[in-house]
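For reference, the structure is listed below as C-alpha coordinates.
The values are calculated or read from the model by the stated rules, or taken from the named source; none is laboratory data. Everything numeric in this text was worked out from a predicted model, so none of it was measured. Note that each Cβ is placed from the backbone with ideal geometry, even for glycine, and that neighbours are counted across all protein chains shown. Protein only, heavy atoms only, side chains kept; ligands, DNA and RNA dropped before computing areas. Shrake-Rupley method; radii C 1.70, N 1.55, O 1.52, S 1.80 Å.
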Amino acid sequence: MERKDFGWKFDNSYARLPQLFYSKLNPTPVHSPKMIMFNVPLANYLGLNDKLMQSEKGVEMLSGNEVPEGAFPLAQAYAGHQFGHFTMLGDGRAMLLGEQITPQGNRFDIQYKGSGKTPYSRRGDGLAALGPMLREYIISEAMHALGIPTTRSLAVVSTGESIVRYKMEPGAILTRVASSHIRVGTFQFVSEWGKLEELRKLADYTIERHFPEANSSENCYIHLLQEVMKRQAFLVTKWQLVGFIHGVMNTDNMAICGETIDYGPCAFMDTYDPATVFSSIDNFGRYAYDNQPKIAAWNLARFAETLLPLLDDNKEQAVKIAQDVISEFHIIYHQSYMNGMRAKLGIFNEESEDEGLINNLLSLMHKYQADYTNTFRALSNENLDGMQLFESPEFSEWYKLWKERLSRQSETKESSLQLMRNSNPAVIPRNHRVEEALEAAVEKGDYSVMARLLEVLSTPYSHVSDKEDFTKVPETSSCSYKTFCGT
Ligand code: AMP
Ligand code: MG
(Lines give C-alpha, C1' and ligand atoms only; values in the text may rest on other atoms or scores of the structure.)
(Ligands and ions follow the chains in the order given, each with its own letter.)
Protein backbone atom coordinates (compact mmCIF):
# COMPACT_ATOMS: atom_id res chain seq x y z
CA MET A 1 0.00 0.00 0.00
CA GLU A 2 1.36 3.40 -0.93
CA ARG A 3 1.72 6.16 1.61
CA LYS A 4 -0.53 8.36 -0.50
CA ASP A 5 -3.39 5.87 -0.21
CA PHE A 6 -3.42 6.39 3.54
CA GLY A 7 -3.26 10.12 2.96
CA TRP A 8 0.05 10.76 4.71
CA LYS A 9 1.82 13.83 3.42
CA PHE A 10 4.76 14.56 5.65
CA ASP A 11 7.14 17.44 5.64
CA ASN A 12 9.50 17.30 8.59
CA SER A 13 10.67 20.84 9.14
CA TYR A 14 11.55 20.27 12.80
CA ALA A 15 14.12 17.67 11.77
CA ARG A 16 15.87 20.38 9.74
CA LEU A 17 16.67 22.31 12.93
CA PRO A 18 20.14 21.76 14.45
CA GLN A 19 20.80 18.35 15.96
CA LEU A 20 20.71 19.78 19.49
CA PHE A 21 16.91 20.07 19.31
CA TYR A 22 16.00 16.40 19.06
CA SER A 23 17.06 12.77 18.97
CA LYS A 24 16.17 10.65 15.99
CA LEU A 25 14.82 7.23 16.95
CA ASN A 26 12.18 4.66 16.20
CA PRO A 27 9.12 3.82 18.28
CA THR A 28 9.39 0.60 20.27
CA PRO A 29 7.30 -2.14 18.56
CA VAL A 30 4.33 -3.41 20.55
CA HIS A 31 2.91 -6.90 20.92
CA SER A 32 -0.64 -6.85 19.58
CA PRO A 33 -2.03 -3.41 18.81
CA LYS A 34 -5.76 -2.92 18.71
CA MET A 35 -7.70 0.16 17.72
CA ILE A 36 -9.69 1.51 20.65
CA MET A 37 -10.64 5.00 19.52
CA PHE A 38 -10.38 6.60 16.12
CA ASN A 39 -11.40 10.16 15.34
CA VAL A 40 -12.90 10.01 11.85
CA PRO A 41 -13.70 13.74 11.40
CA LEU A 42 -10.19 14.71 12.51
CA ALA A 43 -8.63 12.08 10.23
CA ASN A 44 -10.58 13.47 7.30
CA TYR A 45 -9.59 17.02 8.15
CA LEU A 46 -5.95 15.91 8.17
CA GLY A 47 -6.40 14.32 4.74
CA LEU A 48 -6.15 10.74 6.01
CA ASN A 49 -8.18 7.89 4.63
CA ASP A 50 -10.20 6.86 7.66
CA LYS A 51 -11.04 3.40 6.35
CA LEU A 52 -7.45 2.47 5.59
CA MET A 53 -6.25 4.01 8.83
CA GLN A 54 -8.59 1.69 10.69
CA SER A 55 -7.41 -1.36 8.77
CA GLU A 56 -4.83 -3.72 10.24
CA LYS A 57 -2.04 -1.83 8.54
CA GLY A 58 -3.35 1.51 9.80
CA VAL A 59 -3.37 0.16 13.35
CA GLU A 60 0.25 -0.93 12.89
CA MET A 61 1.02 2.67 11.92
CA LEU A 62 -0.79 4.14 14.91
CA SER A 63 1.06 1.84 17.29
CA GLY A 64 4.50 2.59 15.95
CA ASN A 65 5.00 -0.96 14.65
CA GLU A 66 5.20 0.42 11.17
CA VAL A 67 6.51 3.90 10.49
CA PRO A 68 4.70 5.40 7.49
CA GLU A 69 6.88 6.34 4.56
CA GLY A 70 7.94 9.96 4.72
CA ALA A 71 7.78 10.16 8.52
CA PHE A 72 10.87 11.06 10.53
CA PRO A 73 10.31 9.93 14.13
CA LEU A 74 12.14 11.96 16.71
CA ALA A 75 11.96 12.89 20.39
CA GLN A 76 12.10 16.61 21.07
CA ALA A 77 14.45 18.12 23.61
CA TYR A 78 13.10 20.67 26.06
CA ALA A 79 13.52 21.91 29.59
CA GLY A 80 11.05 23.50 31.96
CA HIS A 81 10.14 24.93 35.32
CA GLN A 82 8.19 22.25 37.14
CA PHE A 83 6.38 23.76 40.12
CA GLY A 84 8.93 26.57 39.91
CA HIS A 85 12.08 24.42 39.64
CA PHE A 86 14.11 24.44 36.44
CA THR A 87 15.13 21.09 34.97
CA MET A 88 16.00 19.27 31.74
CA LEU A 89 13.06 17.27 30.38
CA GLY A 90 12.32 16.33 26.76
CA ASP A 91 9.91 13.84 25.21
CA GLY A 92 10.30 11.00 27.68
CA ARG A 93 7.36 9.02 26.44
CA ALA A 94 6.37 10.85 23.28
CA MET A 95 7.70 10.86 19.75
CA LEU A 96 7.03 13.20 16.88
CA LEU A 97 6.17 11.07 13.88
CA GLY A 98 6.25 13.97 11.46
CA GLU A 99 4.33 17.01 10.29
CA GLN A 100 1.24 16.26 8.26
CA ILE A 101 0.32 18.79 5.58
CA THR A 102 -3.47 18.87 5.30
CA PRO A 103 -5.37 19.20 2.00
CA GLN A 104 -5.89 22.90 2.93
CA GLY A 105 -2.13 23.28 3.33
CA ASN A 106 -2.03 23.50 7.13
CA ARG A 107 0.76 21.82 9.08
CA PHE A 108 0.15 19.62 12.14
CA ASP A 109 2.50 17.63 14.34
CA ILE A 110 1.52 13.98 14.55
CA GLN A 111 2.84 12.62 17.81
CA TYR A 112 2.76 9.27 19.55
CA LYS A 113 2.36 9.36 23.31
CA GLY A 114 3.37 6.19 25.14
CA SER A 115 5.54 4.74 22.40
CA GLY A 116 8.56 3.67 24.42
CA LYS A 117 11.75 4.99 25.92
CA THR A 118 13.70 7.87 24.45
CA PRO A 119 17.01 9.48 25.42
CA TYR A 120 14.92 11.83 27.62
CA SER A 121 13.04 9.16 29.57
CA ARG A 122 15.20 9.49 32.69
CA ARG A 123 13.82 6.83 35.07
CA GLY A 124 10.45 6.55 33.29
CA ASP A 125 9.35 3.58 31.22
CA GLY A 126 8.28 5.65 28.21
CA LEU A 127 4.83 4.08 28.33
CA ALA A 128 1.25 5.17 28.89
CA ALA A 129 -1.75 3.42 30.41
CA LEU A 130 -5.05 3.06 28.59
CA GLY A 131 -7.17 4.96 31.15
CA PRO A 132 -5.19 8.24 31.07
CA MET A 133 -4.91 8.14 27.26
CA LEU A 134 -8.69 7.75 26.96
CA ARG A 135 -9.07 10.58 29.46
CA GLU A 136 -6.89 12.81 27.28
CA TYR A 137 -8.97 11.80 24.25
CA ILE A 138 -12.24 12.72 25.98
CA ILE A 139 -11.13 16.00 27.51
CA SER A 140 -9.13 17.31 24.54
CA GLU A 141 -12.02 16.61 22.15
CA ALA A 142 -14.44 18.23 24.62
CA MET A 143 -12.19 21.30 24.77
CA HIS A 144 -12.15 21.48 20.98
CA ALA A 145 -15.95 21.33 20.88
CA LEU A 146 -16.08 24.09 23.51
CA GLY A 147 -14.12 26.29 21.09
CA ILE A 148 -10.92 26.29 23.16
CA PRO A 149 -7.58 26.03 21.34
CA THR A 150 -6.18 22.59 22.08
CA THR A 151 -4.08 19.73 20.87
CA ARG A 152 -6.37 16.99 19.59
CA SER A 153 -6.59 13.23 19.70
CA LEU A 154 -6.58 11.19 16.51
CA ALA A 155 -6.51 7.69 17.96
CA VAL A 156 -5.93 5.47 20.94
CA VAL A 157 -4.46 2.05 20.30
CA SER A 158 -4.01 -0.53 23.04
CA THR A 159 -0.67 -2.30 22.88
CA GLY A 160 -1.65 -5.71 24.21
CA GLU A 161 1.04 -5.30 26.88
CA SER A 162 0.67 -4.63 30.59
CA ILE A 163 2.52 -1.78 32.20
CA VAL A 164 3.40 -1.19 35.83
CA ARG A 165 1.59 1.63 37.62
CA TYR A 166 -0.06 1.47 41.08
CA LYS A 167 -1.27 -1.82 39.70
CA MET A 168 -0.76 -3.48 36.32
CA GLU A 169 -2.56 -1.52 33.62
CA PRO A 170 -3.19 -2.12 29.93
CA GLY A 171 -0.69 -0.12 27.84
CA ALA A 172 -1.82 2.26 25.12
CA ILE A 173 -0.57 4.81 22.61
CA LEU A 174 -2.39 8.05 21.95
CA THR A 175 -1.83 9.85 18.66
CA ARG A 176 -1.80 13.53 19.48
CA VAL A 177 -2.24 16.26 16.89
CA ALA A 178 -0.93 19.78 17.54
CA SER A 179 -0.19 22.95 15.59
CA SER A 180 3.27 22.32 17.00
CA HIS A 181 4.86 21.06 20.19
CA ILE A 182 7.21 24.02 20.59
CA ARG A 183 6.99 24.94 24.25
CA VAL A 184 8.23 27.73 26.49
CA GLY A 185 10.48 24.91 27.72
CA THR A 186 11.93 24.43 24.21
CA PHE A 187 13.19 28.02 24.33
CA GLN A 188 14.44 27.53 27.88
CA PHE A 189 16.36 24.47 26.76
CA VAL A 190 18.20 26.21 23.96
CA SER A 191 18.73 29.36 26.00
CA GLU A 192 20.38 27.30 28.74
CA TRP A 193 22.37 24.79 26.68
CA GLY A 194 22.51 26.13 23.13
CA LYS A 195 24.39 28.85 21.30
CA LEU A 196 22.89 32.22 20.41
CA GLU A 197 22.68 31.14 16.78
CA GLU A 198 20.60 28.11 17.79
CA LEU A 199 18.28 30.29 19.82
CA ARG A 200 17.85 32.56 16.82
CA LYS A 201 17.14 29.53 14.62
CA LEU A 202 14.40 28.35 16.99
CA ALA A 203 12.86 31.82 17.17
CA ASP A 204 12.97 32.21 13.37
CA TYR A 205 11.50 28.74 12.94
CA THR A 206 8.67 29.53 15.36
CA ILE A 207 7.95 32.81 13.58
CA GLU A 208 7.91 31.07 10.20
CA ARG A 209 5.56 28.42 11.49
CA HIS A 210 3.15 30.40 13.66
CA PHE A 211 3.67 34.13 13.27
CA PRO A 212 4.90 34.79 9.70
CA GLU A 213 3.45 38.32 9.87
CA ALA A 214 6.22 39.12 12.40
CA ASN A 215 8.68 39.36 9.53
CA SER A 216 7.19 42.65 8.44
CA SER A 217 7.47 44.23 11.88
CA GLU A 218 10.46 46.30 13.02
CA ASN A 219 11.75 43.68 15.46
CA CYS A 220 10.24 40.30 14.72
CA TYR A 221 11.26 38.89 18.13
CA ILE A 222 9.36 41.57 20.04
CA HIS A 223 6.39 40.74 17.84
CA LEU A 224 6.85 37.05 18.67
CA LEU A 225 6.80 37.78 22.40
CA GLN A 226 3.72 40.00 22.07
CA GLU A 227 1.79 37.44 20.06
CA VAL A 228 2.64 34.53 22.34
CA MET A 229 1.56 36.70 25.29
CA LYS A 230 -1.77 37.53 23.58
CA ARG A 231 -2.48 33.90 22.69
CA GLN A 232 -1.88 32.82 26.28
CA ALA A 233 -4.12 35.60 27.60
CA PHE A 234 -6.84 34.43 25.23
CA LEU A 235 -6.33 30.76 26.15
CA VAL A 236 -6.41 31.25 29.92
CA THR A 237 -9.51 33.46 29.52
CA LYS A 238 -11.23 30.57 27.77
CA TRP A 239 -10.22 28.19 30.54
CA GLN A 240 -11.52 30.48 33.27
CA LEU A 241 -14.82 31.01 31.50
CA VAL A 242 -15.63 27.28 31.48
CA GLY A 243 -14.00 26.42 34.81
CA PHE A 244 -11.17 24.36 33.35
CA ILE A 245 -8.22 23.75 35.64
CA HIS A 246 -5.11 22.65 33.80
CA GLY A 247 -3.43 21.40 36.93
CA VAL A 248 0.19 21.36 35.78
CA MET A 249 1.01 24.69 34.17
CA ASN A 250 4.75 24.06 34.14
CA THR A 251 6.64 25.98 31.45
CA ASP A 252 7.16 22.76 29.49
CA ASN A 253 3.38 22.41 29.32
CA MET A 254 2.82 25.82 27.77
CA ALA A 255 2.73 25.64 23.98
CA ILE A 256 3.95 28.66 22.04
CA CYS A 257 1.12 28.23 19.51
CA GLY A 258 -1.44 28.89 22.27
CA GLU A 259 -3.08 25.46 22.36
CA THR A 260 -3.95 23.68 25.59
CA ILE A 261 -1.41 20.89 25.94
CA ASP A 262 -0.76 18.07 28.37
CA TYR A 263 -3.95 16.62 29.76
CA GLY A 264 -2.51 15.11 32.90
CA PRO A 265 -4.13 16.21 36.13
CA CYS A 266 -6.61 18.63 34.54
CA ALA A 267 -10.29 18.69 35.50
CA PHE A 268 -13.38 20.89 35.35
CA MET A 269 -14.66 22.61 38.45
CA ASP A 270 -18.20 21.72 39.58
CA THR A 271 -18.94 23.87 42.67
CA TYR A 272 -17.57 27.38 42.22
CA ASP A 273 -14.53 27.87 44.41
CA PRO A 274 -11.62 29.97 43.15
CA ALA A 275 -9.17 27.94 45.25
CA THR A 276 -10.06 24.66 43.52
CA VAL A 277 -7.10 22.34 42.95
CA PHE A 278 -7.41 18.75 41.76
CA SER A 279 -3.83 17.64 41.31
CA SER A 280 -2.71 15.28 44.06
CA ILE A 281 0.78 16.80 44.13
CA ASP A 282 -0.18 20.48 44.09
CA ASN A 283 -0.04 20.93 47.85
CA PHE A 284 0.29 24.70 47.85
CA GLY A 285 -2.35 25.44 45.23
CA ARG A 286 0.18 26.87 42.80
CA TYR A 287 -2.03 25.82 39.89
CA ALA A 288 -5.42 26.52 41.52
CA TYR A 289 -8.22 27.91 39.32
CA ASP A 290 -7.75 31.46 40.49
CA ASN A 291 -3.98 31.36 40.04
CA GLN A 292 -4.00 30.33 36.39
CA PRO A 293 -3.73 33.86 34.92
CA LYS A 294 -0.87 34.73 37.29
CA ILE A 295 0.96 31.53 36.45
CA ALA A 296 0.54 32.19 32.73
CA ALA A 297 2.19 35.59 33.24
CA TRP A 298 4.97 33.97 35.28
CA ASN A 299 5.59 31.43 32.51
CA LEU A 300 5.60 34.20 29.91
CA ALA A 301 8.24 36.03 31.93
CA ARG A 302 10.40 32.88 31.70
CA PHE A 303 9.79 32.86 27.94
CA ALA A 304 10.73 36.54 27.68
CA GLU A 305 13.99 35.86 29.55
CA THR A 306 15.05 33.37 26.91
CA LEU A 307 14.47 35.97 24.17
CA LEU A 308 16.50 38.77 25.82
CA PRO A 309 19.57 38.46 23.56
CA LEU A 310 17.30 38.81 20.52
CA LEU A 311 15.22 41.71 21.80
CA ASP A 312 18.05 44.26 21.96
CA ASP A 313 21.85 44.29 21.98
CA ASN A 314 21.74 46.39 25.10
CA LYS A 315 20.85 44.11 28.00
CA GLU A 316 19.06 46.76 30.04
CA GLN A 317 17.05 47.87 27.05
CA ALA A 318 16.15 44.23 26.32
CA VAL A 319 14.90 43.73 29.88
CA LYS A 320 12.82 46.89 29.62
CA ILE A 321 11.22 45.72 26.35
CA ALA A 322 10.43 42.33 27.86
CA GLN A 323 8.92 43.85 31.00
CA ASP A 324 6.77 46.22 28.96
CA VAL A 325 5.32 43.34 26.96
CA ILE A 326 4.74 41.07 29.94
CA SER A 327 3.11 43.86 31.95
CA GLU A 328 0.45 44.08 29.23
CA PHE A 329 -0.62 40.51 29.90
CA HIS A 330 -2.86 41.37 32.82
CA ILE A 331 -4.48 44.24 30.94
CA ILE A 332 -5.23 42.08 27.91
CA TYR A 333 -6.32 39.15 30.03
CA HIS A 334 -8.60 41.29 32.14
CA GLN A 335 -10.22 42.87 29.11
CA SER A 336 -10.85 39.53 27.43
CA TYR A 337 -12.07 37.91 30.66
CA MET A 338 -14.51 40.79 31.23
CA ASN A 339 -15.79 40.51 27.67
CA GLY A 340 -16.25 36.77 28.10
CA MET A 341 -18.09 37.23 31.41
CA ARG A 342 -20.31 39.91 29.89
CA ALA A 343 -21.27 37.45 27.16
CA LYS A 344 -22.02 34.79 29.79
CA LEU A 345 -24.47 37.29 31.28
CA GLY A 346 -25.96 38.40 27.96
CA ILE A 347 -24.33 41.83 28.04
CA PHE A 348 -23.27 43.38 24.72
CA ASN A 349 -22.01 46.84 25.65
CA GLU A 350 -19.55 47.95 28.33
CA GLU A 351 -20.17 49.76 31.58
CA SER A 352 -17.59 50.35 34.26
CA GLU A 353 -19.82 48.78 36.95
CA ASP A 354 -19.92 45.47 35.08
CA GLU A 355 -16.96 44.17 37.02
CA GLY A 356 -18.80 44.67 40.30
CA LEU A 357 -21.88 42.94 38.96
CA ILE A 358 -19.82 39.93 37.83
CA ASN A 359 -17.80 39.71 41.04
CA ASN A 360 -20.92 39.92 43.18
CA LEU A 361 -22.45 36.99 41.36
CA LEU A 362 -19.25 34.98 41.75
CA SER A 363 -19.02 35.64 45.47
CA LEU A 364 -22.65 34.58 45.93
CA MET A 365 -21.93 31.43 43.95
CA HIS A 366 -19.00 30.78 46.25
CA LYS A 367 -21.02 31.46 49.40
CA TYR A 368 -23.92 29.21 48.33
CA GLN A 369 -21.63 26.56 46.81
CA ALA A 370 -23.34 26.86 43.47
CA ASP A 371 -22.29 24.77 40.52
CA TYR A 372 -20.29 26.98 38.14
CA THR A 373 -21.65 25.62 34.85
CA ASN A 374 -25.22 25.15 36.03
CA THR A 375 -25.57 28.65 37.46
CA PHE A 376 -24.89 30.22 34.06
CA ARG A 377 -26.88 27.54 32.33
CA ALA A 378 -29.92 28.26 34.53
CA LEU A 379 -29.65 31.98 33.82
CA SER A 380 -29.39 31.27 30.08
CA ASN A 381 -32.47 29.07 30.15
CA GLU A 382 -34.44 31.28 32.55
CA ASN A 383 -35.01 28.30 34.74
CA LEU A 384 -34.03 29.17 38.29
CA ASP A 385 -35.12 26.03 40.06
CA GLY A 386 -33.41 23.71 42.44
CA MET A 387 -30.39 25.72 43.56
CA GLN A 388 -30.00 27.20 47.01
CA LEU A 389 -28.32 30.25 45.50
CA PHE A 390 -31.46 31.26 43.64
CA GLU A 391 -33.59 31.18 46.80
CA SER A 392 -31.42 33.68 48.66
CA PRO A 393 -32.45 37.33 49.16
CA GLU A 394 -28.95 38.44 48.11
CA PHE A 395 -29.43 36.73 44.78
CA SER A 396 -32.83 38.42 44.27
CA GLU A 397 -31.12 41.74 44.79
CA TRP A 398 -28.38 40.82 42.33
CA TYR A 399 -30.95 39.57 39.82
CA LYS A 400 -32.79 42.88 39.89
CA LEU A 401 -29.57 44.80 39.19
CA TRP A 402 -28.69 42.41 36.37
CA LYS A 403 -32.10 42.84 34.74
CA GLU A 404 -31.69 46.60 34.99
CA ARG A 405 -28.25 46.28 33.44
CA LEU A 406 -29.69 44.30 30.52
CA SER A 407 -32.23 47.03 29.91
CA ARG A 408 -29.39 49.51 29.33
CA GLN A 409 -28.49 48.08 25.94
CA SER A 410 -30.28 48.21 22.63
CA GLU A 411 -30.27 44.44 21.91
CA THR A 412 -33.47 42.48 22.49
CA LYS A 413 -33.98 40.05 25.32
CA GLU A 414 -33.98 37.20 22.81
CA SER A 415 -30.54 38.17 21.47
CA SER A 416 -29.26 38.41 25.01
CA LEU A 417 -30.46 34.90 25.77
CA GLN A 418 -28.99 33.66 22.51
CA LEU A 419 -25.62 35.19 23.40
CA MET A 420 -25.78 33.48 26.78
CA ARG A 421 -26.65 30.09 25.36
CA ASN A 422 -23.74 30.42 22.92
CA SER A 423 -21.38 31.40 25.73
CA ASN A 424 -22.47 29.04 28.51
CA PRO A 425 -22.04 25.34 27.90
CA ALA A 426 -24.90 23.06 28.90
CA VAL A 427 -22.45 20.22 29.39
CA ILE A 428 -18.81 19.91 30.34
CA PRO A 429 -16.80 16.72 30.91
CA ARG A 430 -17.75 16.38 34.56
CA ASN A 431 -15.28 14.35 36.57
CA HIS A 432 -17.75 11.71 37.74
CA ARG A 433 -18.97 11.20 34.16
CA VAL A 434 -15.44 10.89 32.82
CA GLU A 435 -14.55 8.41 35.58
CA GLU A 436 -17.68 6.38 34.90
CA ALA A 437 -16.84 6.17 31.17
CA LEU A 438 -13.23 5.19 31.88
CA GLU A 439 -14.19 2.55 34.38
CA ALA A 440 -16.62 0.92 31.97
CA ALA A 441 -13.99 1.02 29.21
CA VAL A 442 -10.90 -0.09 31.09
CA GLU A 443 -12.41 -2.45 33.66
CA LYS A 444 -15.22 -3.99 31.62
CA GLY A 445 -14.24 -3.36 28.00
CA ASP A 446 -17.57 -1.55 27.55
CA TYR A 447 -17.04 1.48 25.31
CA SER A 448 -20.69 2.45 24.99
CA VAL A 449 -20.61 4.76 28.03
CA MET A 450 -17.66 6.65 26.61
CA ALA A 451 -19.22 6.80 23.14
CA ARG A 452 -22.37 8.42 24.57
CA LEU A 453 -20.29 10.86 26.64
CA LEU A 454 -18.25 11.86 23.58
CA GLU A 455 -21.42 12.37 21.59
CA VAL A 456 -22.94 14.63 24.24
CA LEU A 457 -19.70 16.59 24.64
CA SER A 458 -19.43 17.20 20.90
CA THR A 459 -22.21 19.84 21.03
CA PRO A 460 -21.73 21.48 24.43
CA TYR A 461 -23.67 24.64 23.62
CA SER A 462 -26.82 22.89 22.51
CA HIS A 463 -29.27 23.32 25.37
CA VAL A 464 -31.60 20.40 24.73
CA SER A 465 -33.35 18.22 27.21
CA ASP A 466 -31.94 14.83 26.18
CA LYS A 467 -28.64 15.85 27.75
CA GLU A 468 -30.23 16.56 31.11
CA ASP A 469 -28.50 13.59 32.72
CA PHE A 470 -25.08 14.96 31.84
CA THR A 471 -25.73 18.31 33.52
CA LYS A 472 -26.24 16.84 36.98
CA VAL A 473 -23.64 17.47 39.64
CA PRO A 474 -22.11 14.49 41.41
CA GLU A 475 -23.93 13.34 44.54
CA THR A 476 -20.93 13.76 46.76
CA SER A 477 -19.02 16.99 46.30
CA SER A 478 -16.22 16.64 43.78
CA CYS A 479 -13.96 19.07 45.64
CA SER A 480 -12.12 16.07 46.98
CA TYR A 481 -11.65 14.68 43.45
CA LYS A 482 -7.97 13.98 42.85
CA THR A 483 -6.02 13.80 39.61
CA PHE A 484 -2.56 12.44 38.94
CA CYS A 485 0.42 13.41 36.74
CA GLY A 486 2.48 11.21 34.46
CA THR A 487 0.07 8.32 34.60
P1 AMP B 1 4.40 15.78 32.28
O2 AMP B 1 4.22 15.81 33.75
O3 AMP B 1 3.46 14.84 31.57
O4 AMP B 1 4.42 17.14 31.68
O5 AMP B 1 5.83 15.15 32.02
C6 AMP B 1 7.00 15.71 32.54
C7 AMP B 1 8.19 15.01 31.97
O8 AMP B 1 8.21 13.64 32.37
C9 AMP B 1 8.28 15.01 30.44
O10 AMP B 1 9.63 15.11 30.10
C11 AMP B 1 7.72 13.65 30.09
O12 AMP B 1 8.18 13.21 28.84
C13 AMP B 1 8.28 12.79 31.22
N14 AMP B 1 7.49 11.59 31.47
C15 AMP B 1 6.23 11.49 31.98
N16 AMP B 1 5.84 10.21 32.07
C17 AMP B 1 6.87 9.45 31.61
C18 AMP B 1 7.11 8.04 31.46
N19 AMP B 1 6.18 7.14 31.81
N20 AMP B 1 8.29 7.66 30.95
C21 AMP B 1 9.23 8.55 30.62
N22 AMP B 1 9.09 9.87 30.75
C23 AMP B 1 7.93 10.33 31.24
MG1 MG C 1 4.30 17.65 29.74
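What region 143-195 shows is 33 Å² of accessible area per residue, with the surface traced by a 1.4 Å probe over protein heavy atoms.
Between Q388 and Q317, what FRET efficiency comes out of the Förster formula 1/(1 + (r/R0)^6) with R0 = 60 Å and r the beta carbon distance, rounded to 0.05? About 0.60, to the nearest 0.05.
Pairwise alpha-carbon distances in region 3-181 exceed 23 Å for 38% of all pairs. A simple spin-label model places pseudo-atoms 7 Å from Cα toward Cβ; at C485 and T102 they are separated by 3.2 nm.
Would you mind calculating the relative contact order of region 285-435 from Cα pairs under 8 angstrom and at least 6 residues apart, reporting the percent as a whole number? Could you put the intermediate results ahead of the total?
On the way: 102 pairs, mean separation 37.0, N = 151.
Rounded, it is 25 percent for region 285-435.
Contour minus end-to-end for E328 and S415, with contour as 0.36 nm per residue of separation and end-to-end as the Cα-Cα distance? Provide the component values of the computation, followed by the final result.
Numbers: separation 87, 0.36 × 87 = 31.32 nm, distance 3.25 nm.
Full-extension gain reported as 28.1 nm.
With a Förster radius of 51 Å applied to the C-beta separation of R452 and E197, the computed FRET efficiency comes to 0.45.
Among 169-178, 313-322, 408-417, sorting by the average number of other beta carbon atoms lying within 10 angstrom of each residue, highest first, gives 169-178, 313-322, 408-417. Looking at region 46-140, the accessible area is 34 square angstrom per residue; that uses a 1.4 Å probe and ignores ligands, DNA and RNA.
Counting only DSSP H runs of at least 4 residues, each contributing -39500 (n - 2.57), and dividing by the residue count of the chain, the helix-based mean residue ellipticity at 222 nm comes to -14000 deg cm²/dmol.
What value in Å³ per residue do you get for the convex hull of the alpha-carbon atoms in the chain? Display every interim value, and only then the final one.
Details: hull volume 76.1 nm³, N = 487.
With only Cα atoms used, the chain gives 156 Å³ per residue.
Within the assembled protein chains, the solvent-accessible surface assigned to H463 is about 50 Å², based on a 1.4 Å probe.
By accessible area, using a 1.4 Å probe on protein heavy atoms only, the chain has 51% of its surface on carbon and sulfur.
Going down the list K117/K167; K117/K195; K113/K230; K294/K320, which pairs span over 25 Å between their C-alpha atoms?
Pairs exceeding 25 Å: K117/K195; K113/K230.
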